[in-house]
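One structure is given below, encoded as structure tokens.
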Amino acid sequence: MPSSNGKNGEPRLVSVILAGSTFTIRTDASQDYVTRLEQYVNEKLEEVQPDGRTLSARNALALAALSIADDYFSALESREALEENVRDRLKRVMARVDAALDSDDGPRDAP
């Protein structure tokens, strides 16, 4: 079964089309994963060229790369905030468990 990054076997050559140019890459990711990446990058390319405005492929790819980097860093920040929230909640739960155990008068007899 492929991992979350689509890795599933031996590296092979795969072609993708970005900004109208074909690129051949070596990857061990599944074809589905590579297709999703290609679609994502092409969506970003469309976002940076609104209203039919034409940019050079180089400029469009640079702007798309910045947009993708922004998405990546925003996701990292969200993940870090979520991890901090989970840590804080876990600490509170553990403190309550510890307090409950400390207040216990010892072992209870089974009924």
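A few comments on the model shown:
- Looking across the range 44-61 at every residue that is without any contact (Cβ under 8 Å) to a residue 12 or more places away in the chain and loosely packed, with under 13 Cβ neighbours inside 10 Å, the one that is nearest to residue 12 (Cα to Cα) is identified as 58.
- Test: residue 41 is in contact with a Leu (Cβ under 6 Å, 6 or more places away or on another chain) and modelled with pLDDT of 95 or more: yes
- Filter result for residue 65 (modelled with pLDDT of 95 or more, of a type in the set (A, V, I, L, M) and either surrounded by 10 or more Cβ atoms within 10 Å (Cβ to Cβ) or on the phi < 0 side of the Ramachandran plot (or both)): yes
The values are calculated or read from the model by the stated rules, or taken from the named source; none is laboratory data. Not measured: the values here are computed from a predicted model. Cβ coordinates were reconstructed from backbone atoms using ideal geometry, including for glycine residues, and neighbour counts include every protein chain displayed.
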